[in-house]
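What follows is one structure encoded as structure tokens, with my remarks underneath.
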Amino acid sequence: MQVAPVIPVLVIEKPEDAVPLATALVEGGLRVLEITLRSDAALSAIESMAKALPDAIVGAGTVNHPEQMQQVKNAGAQFVVSPGFTKSLGQAATECSMPYLPGVMTPAEILDANQSGLDALKFFPASQAGGPAFIKALAGPFQNIVFCPTGGINADSAPDYLGLANVLCVGGSWIAPKDAVKAGNWQQITTLATTACGLR
Ligand code: 3PG
């Protein structure tokens, strides 16, 4: 969470897009990448990105089932993100020794994740759930918790989150627009990444 101000949230439909997309993002300075398990190509994309770009920190997102923890680890994922937290996901991450960033949206969910040993959490869906003002309010009762807000964030709104003391980075898909990936417009993605990299 401290490597770069933005973690790109990626949906990779075509396996052959994986390495050029990751290369474009790393060239722009974003080397922490979240590949969501929302496409058939996700696991092979994680594998090829991790192999081709040793400087990248490749993780898996949308890990909604405990058994996926070992699968993504086998593919080369170095961290795991889920939209919400459950004890069984937390336990699977511990068993796999996998750094785990689960989503939370309420104080009770924060308490639950924290009582399972986690103090760095995704706040999701950030803009819909209350935005920067909500996260700022969490700093009072949760002084030792840091967040990666994700959901509805873009280059314009990211600075409002990154300016908060309890936000280490944000996540978002705006860095890799579907159209740009489809067109193989890697230069556009590097430009978006370079801009994102300068946001903090
Ligand atoms: C996620 O999976 O974390 C979100 O879908 C990303 O949100 P965004 O597409 O609004 O950036």
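Judged by the mean number of other Cβ atoms found within 10 Å, the most tightly packed of the peptides 110-120, 2-12 leads the ranking 2-12, 110-120. Taking each of LYS51/LYS182; LYS87/LYS122; LYS14/LYS178 in turn, the alpha-carbon distance tops 21 angstrom for LYS51/LYS182. Placing +1 on the Cβ of every Lys and Arg and -1 on the Cβ of every Asp and Glu, with no other charges, gives the range 35-127 a dipole of roughly 80 debye about its Cα centre.
Using a Förster distance of 25 angstrom, determine the FRET efficiency expected from the C-beta separation of HIS65 and ASN144, and round it to 0.05. Computed FRET efficiency for HIS65 and ASN144 comes out at 0.30. Restriction of the GluC sites (Glu not before Pro) in the range 55-143 to DSSP coil positions whose beta-carbon has at most 11 other beta-carbons within 10 angstrom yields GLU67. In angstrom, the C-alpha Rg and Dmax of the range 108-200 are 14.9, 46.
Using only Cα atoms, what Kirkwood radius does the range 23-178 have, in angstroms? Each step should come with its number before you reach the end.
Working: mean 1/r = 0.0629 Å⁻¹.
With all distinct Cα pairs of the range 23-178 included, I get 15.9 Å.
Measuring max minus min along each principal axis, the C-alpha atoms of the range 1-96 give extents of 37, 29, 20 Å (largest first).
Read the figures in this text as sums done on the coordinates, not as results from a lab. Bear in mind the structure is a predicted one, so any value in this text is a computation, not a measurement. Cβ coordinates were reconstructed from backbone atoms using ideal geometry, including for glycine residues, and neighbour counts include every protein chain displayed.
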